[in-house]
Amino acid sequence: MSARLWKIFGGLRLPGFKAMSMSQATRAAPLAKILTLPLKQHIGDAAEAIVKVGDAVLKGQMIAAANGYVSTPIHAPTSGKIIAIEKRQTPHPSGISTDCIVIESDGKEQWIEIENTKNANYRQLDSSALRNIIRDAGIVGLGGAGFPSFIKLNPGPGNVVDTLILNGAECEPYITCDAMLMQEQSRKIIDGLNIMRHALQVERCIIAVEDNKRAAHTMLVNALQEHEADYIKVIQIPTLYPAGGEKQLIKTLTGKEVPSNGLPINIGVVCHNVATAAAISTAVLEGKPLISRYVTITGNGIEQPCNLEVLLGTSFSELIDLCGRSNKAEQFIMGGPMMGFEIADDNVPVIKTSNCILVQSKKTKPDYVMPCIRCGQCAEVCPAQLLPQQLYWYARAKNFDKTQDYNLFDCIECGCCTYVCPSHIPLVQYYRFAKTEIWAQEQEKKKSDIARQRHEFRQFRLERKKAENEERKRQKRELLKKVNGEKDSAEDVKKAAIEAAMARVKAKRKAQSVSPANITNLTEEQKNAIAEIDSRRKKVKEES
Amino acid sequence: MSIIHSSPYIQNNENVSRMMLAVILALIPGTLVYIHFFGFGVLINIIIAVITAIVCEVTVLKIRQRPVKPFIYDGTAVLTAILLALALPTLTPWWLAALGAGFAIIIAKHLYGGMGYNPFNPAMVGYAMLLIAFPKEMTAWIPAETHGLNFFDTLNYSFFETLPAGMSYDALTMATPLDSIKTQLSLGYTVDEIKNANASLFGNIAGYGWEWINIMFLIGGIILILIKVINWHIPVSMLGALAFMAMIFNFSDAGSYPPISFHLFSGAAMLGAFFIATDPVTAAASNKGRLIYGAGIGILIYIIRTWGGYPDAIAFSVLLMNMAVPMIDYYSKPPVFGATHES
């Protein structure tokens, strides 16, 4: 289907390396003995474990509950026993160990009761109910960032969504899990899209596919014909990295630019990944939570690159061994070569956002980093239209205010600038550094602001107390003076003090007993209405 | 444990050395024609300047305790030396090229922080220094093709300042077309009168020999744009501004102001536009900034050529605009993605 497309600024034509992992159909990876499920798998708050060590769990059983708004639950990917809840290595750029639930599978794959959770007639549910199902199924954006999907299905007050985009661009080299999913599960994706469309109450839907994924496009178009859903369009977009970046994709398809520092919802667009749509379909129509995903295992360190449907929690190393670990397997990257991150040890589990495991040989010696020659190639490829070299100067000089003047936070870390830099400067690394420093500083500032406010309030409180004491003493002195002046007895002093206190209480009572102004000067009708309400309230009180 | 790097993990195979090599290769056609018309002095100057530049570069890198290999192989020192040598008159003593190259590398490049940090184009700093310090040597040119000097004559002059019997330096050297038109316009002759009186000097459009050299540098420059080593913005805006100035004044008084073609194809116009002004380190960074920067150079060239004290003006125009680069960069920030929607 042809549609008008808009050009994005910058970008790169990258070698794809996609065919190597698409030669065979996706198969399910064998059930692993041990499954490790990190409680924190995406931005936001970590889930909270609701099982204990030694508990037996069933496949699909919730084992950790959402904890906070930006949080999603985690489910047991198979039946078995909880053998540990402890810190384990997780796929994270820092190599940090985080809390994980470890399940030893019993090999029975025994499902939890799911018959009652199927919602084939989801059209009768309102969007809030659908969001709850999606949240309870633990669904997050499966494209990479892993933002809880139910939040993106809640436009919030005052926002009108006119376009729902399914992102099947998959513009990074090597990764093919979305392409394979679109080829193999196109109906499921469209079902998921329909559910999201219903939840958002939006008319127009677009599925965007890069034009190098012919098979995926064909399968989606065929599936659509069966559905007779003419409100959904499958649009091929030019293969250009990062065409699948959310902001870039929206620009390509609608011509609209998401405001700097804004969200797609600000211009009436919601964007989800195709794999997320499939997961939503599974959750709503089949009642099954998110416990597996398509993962691409590829790179020159893999003998038979392919896509696998993997239970969450399966170790990378098992998958690499399954696909043939070659002697070039030196570097392990989760995600693509442009935006993924390297992990030191491949003994980490697949998590919800693990779209690709790229295993390759490592350069023996990194290139010598030359000074910036200001050639400006970085600015030409930057899809956010930034000036990467200026950002680099300021980030390097730790001049973080200036980096923000140059819109550091509009950087999507796509890596285009680093890819083309003839001086081989790791530009994105500098931007990540600057962002982290700024966040840390802001955190510090927030903390110190709170501390300062507390301190200031304490000072204020102490001074107020002091002033009050002074005032009390002064009053007492005055009273004494007066009494002494009249040469009255001690009882009189006491009496005067009591009188004064009583006067204060009276004044206070008077102040409190002032009735609201809007119930004076009422008409008869209003008085009756009030009486009626009062009696009703009384009745309710009595009943309860 | 191995060091973990941040993404991206792939890169194109571009690097500074390849870029500089491409620029040097693109200079070859123009240089060959230059040698054809003005003798082997061009080549001798290039060799002397390159050797001096490499020696100075290595020495300073050692003193600054920087790795020598990457900075020698980056080719910037060699390119600086070649550009300087191409700007020199062709019959000069050896020390002129050596001094210029040494000054360019040591003073204009390394004292400012080395490759990537120098605010001024090193080759043009070297050239400007020589022009001010040695005006006589720097303004005496031999005639195109008819100079009659072979390689050994030139080499002999370069190192011993002796000419073949029967030749004298003063008789051999003469003014360039740009220089003579400037002098004679000030004497009250019209452009046509000057051209007709010196037909052999002025050639078809902008000076015998010079026009061909410029055409070859133009071709080399276009190749650089096509292979994306340089951007079109600076050359186009610089030549455009120069042509625009020439057009306005030539249109108003064709007798006192030479035509566009003369300005574009004489002197170092094309060399300057495609190879000197495009030095990324010292030029403006954004495309909009580059247009402003190039236009500034073009306008300054015309002003200095027409009313200034020097016949050609690439070096001073480039250096003056180098000074303006930080300001241009500051005011030519492109709008960021999504900025148009900001309220």
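A few remarks follow.
- Long hydrophobic helices in chain A, taken as whole DSSP H segments with a C-alpha length of 27 Å or more on their own axis and mean Kyte-Doolittle hydropathy at least -1.0: A:490-512.
- Calculated P(r) of the range A:245-285 - Cα pairs past 13 Å, %: 56
- Residue pairs, from the table A:Lys40/A:Lys435; A:Lys233/A:Lys352; A:Lys7/A:Lys152; A:Lys40/A:Lys87; A:Lys508/A:Lys539; A:Lys328/A:Lys435, whose Cα atoms sit over 23 Å apart: A:Lys233/A:Lys352; A:Lys7/A:Lys152; A:Lys508/A:Lys539; A:Lys328/A:Lys435
- Mean ellipticity per residue at 222 nm, deg cm²/dmol - from DSSP H runs of n ≥ 4 across chain A, formula -39500 (n - 2.57): -12000 deg cm²/dmol
- Within the shell defined by Cβ-Cβ distances under 11 Å, the residues around A:Ile267 carry a net charge of +1, with Lys and Arg each +1 and Asp and Glu each -1.
- Alpha carbon centroid spacing (whole Å) that separates the range B:145-169 from the range A:229-245: 70
- A:Asp492 versus A:Gln512: modelled label distance in nm, points set 7 Å from Cα along the beta carbon direction: 3.3
- Placing a pseudo-label 7 Å from each Cα along the Cα-to-Cβ vector at B:Ser168 and B:Leu187 gives an inter-label distance of 1.9 nm.
- Test item: A:409-420 mean partner chain Cβ contacts at 10 Å: 3
- When the alpha-carbon atoms of the range A:19-343 are used, the pair Rg, Dmax equals 19.2, 56 angstrom.
- Order by protection proxy (mean Cβ within 10 Å, highest first), peptides B:238-251, B:129-142: B:238-251, B:129-142
- Peptide A:425-435 - average C-beta neighbours from other chains (10 Å radius): 2
- Euclidean distance of C-alpha centroids, the range B:206-268 and the range B:129-144, integer Å: 23
- Alpha carbon centroid spacing (whole Å) that separates the range B:47-111 from the range A:326-345: 43
- As computed over the range A:370-508, the Cα convex hull volume per residue (Å³): 157
- Multiplying each eigenvalue of the alpha-carbon gyration tensor of chain B by 5 and taking the square root yields semi-axes of 35, 27, 16 Å, largest first, rounded to whole angstroms.
- If you take the alpha carbon atoms of the range B:249-343 and fit the smallest convex hull around them, that volume is 133 Å³ per residue.
- For the residues of A:450-459, the average number of beta carbons from a partner chain within 10 Å of their own beta carbon is 0.
- Acute angle (nearest 10 degrees) that the helix B:233-252 long axis makes with the longest principal axis of chain B, alpha-carbon atoms: 40
- Rg ratio for chain A: its Cα radius of gyration over 2.2 N^0.38 Å, N being its residue count, equals 1.32.
- Shape class of the range B:54-207 from the Cα gyration tensor (axes a ≥ b ≥ c, square roots of the eigenvalues): prolate, since a/c reaches 1.5 or more and a/b is larger than b/c.
Values quoted throughout were computed directly from the atomic coordinates according to the rules given, and no laboratory measurement underlies them. Just so it is clear, the model here is predicted, and its values are computed rather than measured. Cβ coordinates were reconstructed from backbone atoms using ideal geometry, including for glycine residues, and neighbour counts include every protein chain displayed.
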